[in-house]
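Presented below is the structure to which this report refers.
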Amino acid sequence: MALFPDKVVTYMVDGENVTDIFSVDLTLAEVRSLRAKQPLPALRPTMYDGHFQVVTLEEYLQTALNAPRTVGIYPENKHPTFHNRRPVS
């Protein structure tokens, strides 16, 4: 939580209060400043930690569209009830 200390909030997620930094409160520029990190270092290599930006859905779609073969994507929304309750602007 050190990167965006002013973004720490508490939301109800799946019936529990969770205090953290939520992607819905970050700008695209803030998300782009993040780098991917292996969350399971005991199980998977960490040699690429910090080397890659978080990929946007648009980038995934472009990769699929530009592939020399048919490529499918399967977007998954974590905690959809949380996101479904968010106001649409």
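Within segment 3-80, which trypsin sites (Lys or Arg not before Pro) sit in a loop by DSSP and count at most 13 neighbouring Cβ atoms inside 10 Å? Let's see the in-between values first.
Details: sites: K7, R32, R35, K37, R69, K78; in loops: K37, R69, K78.
Sparse-neighbourhood loop trypsin sites (Lys or Arg not before Pro): K37, R69, K78.
Could you look at segment 8-85 and say what percent of its accessible area is carbon and sulfur, using a 1.4 Å probe and all protein chains? List each step's numbers first, then the result.
Working: 3690 of 6500 Å².
Ligands and nucleic acids excluded, carbon and sulfur reach 57 percent.
Quote the charge dipole size of the chain about the Cα centre in Debye, to the nearest 20; the model charges only the Cβ of Lys and Arg (+1) and of Asp and Glu (-1). Numbers along the way, then the final one.
Values: 9 positive and 10 negative charges, 47 e Å.
Here the chain has a charge dipole of around 220 debye.
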Check your understanding: Considering amide H positions built from the backbone, and no H for Pro or chain starts, which residues 5 or more places from V13, or on another chain, come under 5 Å of its amide H?
Key -> V18
Check your understanding: Tell me, what HN-Hα J-couplings in whole Hz come from the Karplus equation 6.51 cos²θ - 1.76 cosθ + 1.60 at θ = phi - 60° for each residue of segment 22-29, using x for Gly and Pro?
Key -> 10, 4, 5, 9, 9, 7, 4, 4
Review point. For helix 57-66, what angle does its Cα long axis make with the longest principal axis of the chain, in degrees from 0 to 90 and rounded to 10?
Key: 10 degrees
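Do any chymotrypsin sites (Phe, Trp or Tyr not before Pro) in segment 1-80 lie in a DSSP loop with no more than 14 other beta carbon atoms within 10 Å, and if so, which? Let's see the in-between values first.
Details: sites: Y11, F22, Y48, F52, Y60; in loops: F22, Y48, F52.
Sites meeting the loop and neighbour criteria: Y48, F52.
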Study note, to complete from the structure: When the chain is treated as a Gaussian network with springs between alpha carbons less than 10 Å apart, the largest mean-square fluctuation among A42, A64, A29 is found at A42
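The values are calculated or read from the model by the stated rules, or taken from the named source; none is laboratory data. Just so it is clear, the structure is predicted and the values come from calculations on it, not from any experiment. Cβ atoms come from the backbone with ideal geometry, glycine included; neighbour counts cover every protein chain shown. To get the accessible areas, we keep the full protein, side chains included, count just its heavy atoms, and leave off ligands, DNA and RNA. Shrake-Rupley method; radii C 1.70, N 1.55, O 1.52, S 1.80 Å.
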